[in-house]
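The values are calculated or read from the model by the stated rules, or taken from the named source; none is laboratory data. Note that the coordinates shown come from a computational prediction; the quantities given were computed from them, not determined experimentally. Backbone-built Cβ (ideal geometry, glycine too); neighbour counts: all protein chains shown. Heads up: the accessible areas ignore ligands, DNA and RNA and are worked out on the full protein's heavy atoms, side chains in. Shrake-Rupley method; radii C 1.70, N 1.55, O 1.52, S 1.80 Å.
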Amino acid sequence: MSILITRPSPMGEALVKQLIEQGREAYHTPLITFSPGRELNKLPDYLANLREDDIIIAASQHAVHYAHDLLKHKQQSWPENCRYFAIGYKTATELQQATRFTVHWPEGREISEQLLELPQLQHVAGKNILILRGNGGRQLLAETLQKRGASVTFCECYQRNPIAYHGDDLCRYWQQISINILVITSGEMLQQLYELVPTGYRNWLLNCHLLIVSERLADQAKNLGWTQCHIADNADNDALLRALQQI
């Protein structure tokens, strides 16, 4: 069974390399690239407005990378008196290395629902919370924290930019290399893939095994017509590798 990895570089290439080393057939077609976010230059002002014991949440490793690079360029430091959180272990590791402060993250699934279960985020009334993210996403996180009484601000640190492909040519190539497992790590990329594939290839697409990373993605995939959905524990490459061993 040939596996198509759609996650962006360099994580996509790394996963393909690991799969090939395990004797699997794997190919990489990234669906998005990254660029600085429209609000990245506002980050120093957002940080300056935070008070003691306010909260900073990193939604992804990319948000940390772009934020930290900007602060280094401007010779500014991360605030010392705030509490730091991340959506998962890898993002927490990046944030901890960048800030040199303790970072809290949820055990288990790297999703907003798990982060919201942390005891430190239960009583946030009156707190300012800054969420570092890409262009869009994490609405559930913000809305729930607002319901708990917090004032939430998003900072778009980076943008996800779709890569333009010719659908017919790409689908012919995917069929030539016998792709029948698709690895998708976001709802945005799932919708992009679905719209990229011409109608004549839609039956092939929906008959592929789909490896995704959350129940919400599974619901989205089923609504689009997929029937063979497998959910990985998390979105990192190690979790995807474990899940692919079961397909």
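Length gained on full extension, E113 to L170, computed as 0.36 nm times the residue gap minus the Cα-Cα distance: 17.0 nm. Computed from the alpha carbon atoms alone, the convex hull of region 70-174 holds 155 Å³ per residue. On the basis of the beta-carbon distance and an R0 of 41 Å, H73 and E215 show a calculated FRET efficiency of 0.55. For the residue pairs K17/K127; K72/K222; K42/K147, the C-alpha atoms sit more than 32 angstrom apart in K17/K127; K72/K222.
Carbon-plus-sulfur accessible fraction, the chain (probe radius 1.4 Å, protein heavy atoms only): 46%.
Counting only heavy atoms of the protein chains and using a 1.4 Å probe, W226 has close to 10 Å² of accessible surface.
The mean accessible area for residues of region 47-170, using a 1.4 Å probe and ignoring ligands and nucleic acids, is 49 Å² per residue. Charge tally for Q114 (other residues, Cβ to Cβ under 15 Å; Lys, Arg +1; Asp, Glu -1): -3. Relative to the dominant Cα principal axis of the chain, helix 11-21 is inclined by about 50°. Only bridges whose two residues both fall in the chain count here: according to DSSP, what percent of them are antiparallel, nearest 5? Percentage antiparallel, nearest 5: 15. Estimated translational diffusion coefficient (Stokes-Einstein, Kirkwood radius over Cα pairs, 4 °C, 1.567 mPa s) of region 5-45: 108 µm² per second.
Annotation: average projected area of the chain is 13.5 square nanometres, based on the convex hull of Cα atoms across all directions.
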